[in-house]
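The values are calculated or read from the model by the stated rules, or taken from the named source; none is laboratory data. Given the structure is predicted, the values throughout are model-derived calculations rather than measurements. Here the Cβ is made from the backbone with ideal geometry for all residues, glycine too, and neighbour counts use every protein chain on show.
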Ligand SMILES: [Zn+2]
């Protein structure tokens, strides 16, 4: 919370900006959609409006007056939550609220390296929690702290990677121009909204050698028409920290569905042009085998009907996004067939691959085998683990540190597994030892089946 002490640590420039804001937090009964309390707090906290119960109507009158003198109403999830309820109650406020700023929307751009690590105390399903339920005044004050942190993070980013902030400025104000976000980025950059050519140049520089350039041009040509500016901004911010502990927050994947599609298109959809550096290096099975396991070639045996390495064929199909049923004799390197597609998907898009295997005794062996190859991002959750071990593994999945999760079929019934899986995009479902699925009436013979989720 911003108290006089911490407020004085803020650069003068940011304090001047925050003084133009009024933080609003509504408490809404989810069943009746009725607002039962709200607070509106200015930066200096001098004339806060706190209203509930019977006095709420008079409170709205005061809020209306306060909004007249303010440039930016701010809030965490303001655009989708508070404003919707506020305007339903007082439609004429739409004229007064011209340039709102939603700190929830800004958060993944300001803190791309795992939003959960930052402000984690305040986070619960995308809502701020000040630790007290139904204390809108405290929550409203907290939003100033969040916005101040975000302004400082964008300041730092603007010093380190000005192209990123320029790109966000243009992308977040595309389509339905949102003047509140324009104000944030104009304030940070000290310059008005960039032109489209400036933004394109910045984006191209920003992702050079991190995406397929052909796919990038395809996305850029769609940006204006498709209203996918925010999705592109979230994809860029994820790419900026790819390979680290970063997950795209579930609410981003739900609200901005294009974000993960763009990511997949840019990094995980081969353009098939042999001259494309990204696709030649990142979407090629042998290059991936070399990178992850240090081998120069796949096993020549067994072969597919055309005489090619079956291992390589399976990896190639799975990396290309096709569903695969692989039937290989025991001991011929089945695991590699799913490990490489899973690892490359994780690297390129952050997606998790879920391996379902009935052989609990072999799960830890698989994890250890990968650790010996220097890969520490695979985890298992099974009935033989202690509670703390299980918690650690689930945490690693939630935080985006896990590329592969190996579980036994019965774990799919566990609520904690299902809740954890919802936090991640699933890139691949793998049924290991798929002949054991014969109990469900399917196939026999040692197999691995893979299915891409689209
Ligand atoms: Zn390419």
Using beta carbons and a limit of 6 Å, which pairs, at least six apart or on different chains, have the first residue in segment 8-22 and farther than 15 Å from residue 74 by Cα and the second one buried (at least 18 other Cβ atoms within 10 Å of the Cβ) and modelled with pLDDT of 85 or more? 10/148
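So, in segment 399-426, how many residues would count as being in contact with a helix residue (DSSP H, G or I) (Cβ under 7 Å, 6 or more places away or on another chain) and surrounded by fewer than 17 Cβ atoms within 10 Å (Cβ to Cβ)?
Residues of segment 399-426 in contact with a helix residue (DSSP H, G or I) (Cβ under 7 Å, 6 or more places away or on another chain): 402-408, 411, 416-417, 420, 422-425.
Now drop any that are not surrounded by fewer than 17 Cβ atoms within 10 Å (Cβ to Cβ), which leaves 416, 422.
Total meeting the criteria: 2.
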If a residue has to be outside any strand (DSSP E or B) and in contact with a strand residue (DSSP E or B) (Cβ under 8 Å, 6 or more places away or on another chain) to count, how many in segment 339-354 make the cut? 8
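Restricting attention to helices (runs of 4 or more DSSP H) lying wholly within segment 59-178, give those where 1 or more residues are modelled with pLDDT under 95 and surrounded by 19 or more Cβ atoms within 10 Å (Cβ to Cβ). Lay out the reasoning, then the answer.
Numbers: elements: 83-89, 93-96, 103-110, 136-160, 162-171.
Once the helices (runs of 4 or more DSSP H) in segment 59-178 are filtered for at least 1 residues that are modelled with pLDDT under 95 and surrounded by 19 or more Cβ atoms within 10 Å (Cβ to Cβ), what remains is 83-89, 103-110, 136-160.
Name the residues in segment 171-213 that are within 16 Å of the ligand (Cβ to nearest atom) and in contact (Cβ under 8 Å) with a residue 40 or more places away in the chain, would you? Walk me through how you get there before you give the answer.
Applying the first criterion (within 16 Å of the ligand (Cβ to nearest atom)) to segment 171-213 yields 204, 207-213.
Once the filter is applied, which keeps residues that are within 16 Å of the ligand (Cβ to nearest atom) and in contact (Cβ under 8 Å) with a residue 40 or more places away in the chain, segment 171-213 yields 207, 209, 210, 211, 212, 213.
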Exclusive hit being buried (at least 21 other Cβ atoms within 10 Å of the Cβ) and out of contact with any strand residue (DSSP E or B) (no Cβ under 9 Å at 6 or more places or on another chain), set 199, 226: 199
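Out of curiosity, is residue 402 modelled with pLDDT under 95 and in a strand (DSSP E or B)?
Numbers: modelled with pLDDT under 95: yes; in a strand (DSSP E or B): no.
Here the answer is no, as residue 402 does not meet what is asked.
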Could you go through segment 214-237 and let me know if any residue there is over 21 Å from residue 175 (Cβ atoms) and either away from the ligand (no atom under 16 Å from the Cβ) or assigned to a loop (DSSP other than H, G, I, E, B) (or both). no
If a residue must be out of contact with any strand residue (DSSP E or B) (no Cβ under 8 Å at 6 or more places or on another chain) and either more than 13 Å from the ligand (Cβ to nearest atom) or part of a helix (DSSP H, G or I) (or both), how many such residues does segment 264-299 contain? 22
Per-region count, segment 304-322, residues loosely packed, with under 14 Cβ neighbours inside 10 Å and either touching a residue at least 60 places away in the same chain (Cβ under 8 Å) or part of a helix (DSSP H, G or I) (or both): 1
